[in-house]
1. Residue by residue through segment 143-151, which ³J(HN,Hα) values in whole Hz follow from phi under the Karplus form 6.51 cos²θ - 1.76 cosθ + 1.60 (θ = phi - 60°), with glycine and proline marked x?
2. Hey, rough spin-label estimate for residue 53 and residue 67, points 7 angstrom out along Cα→Cβ, what's it come to in nanometres?
3. Explain nothing, just the number: dipole magnitude of the chain about its Cα centre with +1 on each Lys and Arg Cβ and -1 on each Asp and Glu Cβ, in debye rounded to the nearest 20.
4. Using the Cβ atoms and a cut-off under 14 Å, what net charge is assigned to the surroundings of residue 86, where Lys and Arg are +1 and Asp and Glu are -1?
5. Among the aspartates and glutamates, select those whose C-alpha is under 20 Å from the C-alpha of residue 88, and discard any that sit fewer than 8 residues away in the same chain.
6. In segment 78-111, which trypsin sites (Lys or Arg not before Pro) are in a loop and have at most 12 other Cβ atoms within 10 Å, using DSSP for the loop call?
7. In the structure shown, do any of 52/117; 27/67; 140/167 have a Cα-Cα gap over 21 Å, and if so which?
8. Would you be so kind as to identify which of 12, 29, 138 lies farthest towards the positive end of the dipole of segment 1-155, taking Lys and Arg as +1 and Asp and Glu as -1 on Cβ and the Cα centre as origin?
Amino acid sequence: MKEDMASKSSRVLFIGRFQPFHRGHEKILAHLLRRYAGVTIAIGSAQERRTKDNPFSARERREMIAKVASSHAGWKRRISFAFLADRKSNADWTGALQARFPPSSFAVASANPLVRKLAKGAKYTLDPSPLFARAKLMGKRIREKVRESKSIRGQMPASLEKWMEEKGKKIIGRWKRKGRK
């Protein structure tokens with residue numbers, strides 16, 4: 001399979017931390033679902049939670065993404081989830097990825113340059129997914145806005161706005177209240 005010739009019968013790993021799952025992720029997921037028969041959303045840094053850069057647990061991130069998938073007709077049945085923990089070395093991470101998701105069966109989609117480099121070196125086909133409004137739709141910027149009590153309207157999928165108001169802001173807001181780094 002060539003990089004620009006995704007097959008409807010193939011699957012793709014959409015690898016990311018999704019801290020939080022924002023509108024850019026939603027648009028990439030829609031793009032991937034048009035190109036592939038199924039998408040496995042691989043939630044990276046799965047062991048991380050309640051830190052400044054990784055405030056949400058892997059289960060909370062899965063909950064966010066499932067909520068978005070449920071709001072789109074046909075998405076839920078074509079999406080599966082996997083948790084990817086960080087490893088001590090890039091070689092260990094790549095080996096674990098290949099053992100669970102053979103390069104012959106999965107393409108890889110990720111905006112992370114290191115993930116793309118490792119996947120390419122491990123013989124995965126890289127999906128050329130476009131980035132959507134990258135300057136505005138970045139998890140780090142969204143987390144900063146939440147900590148500063150600024151509006152994130154339009155940056156989160158509509159189906160997550162209430163979740164973020166009720167649950168997400170409390171989790172992210174801990175670093176503002178406690179002065180954590």
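Just so it is clear, none of the values below were taken in a lab; they were calculated from the coordinates. In this text, all values refer to a predicted model and were calculated from it rather than measured experimentally. Using ideal geometry, Cβ is built from the backbone for each residue, glycine included, and neighbour counts are taken over all protein chains shown.
1. Ordered by residue, 3J(HN,Hα) equals 4, 4, 4, 5, 4, 8, 6, 9, 5 Hz.
2. 2.5
3. Details: 44 positive and 15 negative charges, 148 e Å.
Magnitude of the dipole: close to 720 debye.
4. Around residue 86, the charge tally is +1.
5. 48, 53
6. Working: sites: 78, 87, 88, 100; in loops: 87, 88.
Of the trypsin sites (Lys or Arg not before Pro), the ones in loops of segment 78-111 whose Cβ has at most 12 other Cβ atoms within 10 Å are 88.
7. 52/117
8. The Cα lying farthest towards the positive end belongs to 138.
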